[in-house]
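J.: I have a structure here, written as structure tokens, and I will follow up with some questions on it.
The values are calculated or read from the model by the stated rules, or taken from the named source; none is laboratory data. All values derive from a computational prediction rather than experimental measurement. Ideal geometry is used to build each Cβ from the backbone, glycine not excepted, and the neighbour counts take in all protein chains shown. Accessible surface areas use protein heavy atoms only, side chains included; no ligands, DNA or RNA. Shrake-Rupley method; radii C 1.70, N 1.55, O 1.52, S 1.80 Å.
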Amino acid sequence: VSENELTREQDESAWMAEQGAVLLVRLAALMRTARTYDVSNQAFQNQMSEFMGVLRGLLEDAAEAELVVVADYFYLNGVRVKASADVLGAYHGLLADFERRHVGGLRFLNAIEEAEVERFFQIFLAAEDPAVAEHLPQAVVEAAVSNIAIVPASELDAEEVSRELENEPKHQADRRSA
């Protein structure tokens, strides 16, 4: 690995970590707004627009963006998102939201549209109830949300995934296989 390649990988990881923090803040704001307002309300629509802007930036050159929680840390496409002071509230709030719903992560595909985001968050927020939460992945599929996938927490072995993530960020593996 040349010095230029190493520098480029470090730059990409830093960019991914930075975008991960922005995505967490936008996602938390979208969910907070969805708890108060209907998806047709302008407040929700504004938050969704902000969220989609960040997400589309991530999906510009990629087939998907995957946000997962492993051992109380968020990873975006295999890069750890640091819980800095300015994102701490969003970070911990999303950790709790994911845990309550037994969600290990969300995978966003690049064909995602706003209508799917609206349907997804209506279903996701309705899963506050543990009885509903256990059927969340199935409910998402039944609602024809095909560009947002739930990664169940049960599919993420924290020790194994942590080891894999520390060894090779996903964007590096994708580039090598291309």
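J.: So what does log10 I(q)/I(0) come out to for the chain at q = 0.17 Å⁻¹, using the Debye formula with one equal point on every Cα and no solvent?
T.: -1.12
J.: Taking amide H atoms as placed 1.01 Å from N in the peptide plane, list the residues 5 or more away in sequence, or in a different chain, whose amide H sits under 5 Å from that of Val151.
T.: Amide H to amide H, under 5 Å and 5 or more residues apart or across chains, Val151 pairs with Gly104, Gly105, Leu106, Arg107.
J.: Please report the accessible area of Arg35 (heavy atoms, 1.4 Å probe, ligands and nucleic acids excluded) in Å², nearest 10.
T.: In the full protein context, Arg35 sits at about 110 Å².
J.: Of Ala143, Ala14, Asn110, which is farthest along the charge dipole of segment 1-157 in the positive direction, counting Lys and Arg as +1 and Asp and Glu as -1 at C-beta?
T.: Farthest towards the positive end: Ala143.
J.: Still on this structure: From the helices alone, meaning DSSP H stretches of at least four residues, give me the mean residue ellipticity at 222 nm for the chain, per-run term -39500 (n - 2.57), in deg cm²/dmol to the nearest 500.
T.: Numbers: 8 runs with 107 residues, N = 178.
About -19000 deg cm²/dmol.
J.: Averaged per residue, what accessible surface does segment 6-139 expose to a 1.4 Å probe, in Å²? Write out the running numbers ahead of the final one.
T.: Numbers: 6380 Å² over 134 residues.
Here the residues of segment 6-139 average 48 Å² of exposed surface.
J.: Could you tell me what percent of the accessible area of the chain is made up of carbon and sulfur, with a 1.4 Å probe and every protein chain present? Please report the intermediate quantities before stating the final value.
T.: Working: 4620 of 9480 Å².
Here it works out to 49 percent.
J.: How big is the charge dipole of segment 31-78 about its Cα centre, in debye rounded to the nearest 20, if each Lys and Arg gets +1 on its Cβ and each Asp and Glu gets -1 on its Cβ? Present the calculation step by step, with values, prior to reporting the outcome.
T.: Details: 3 positive and 7 negative charges, 53 e Å.
Rounded to the nearest 20 debye, it is 260 debye.
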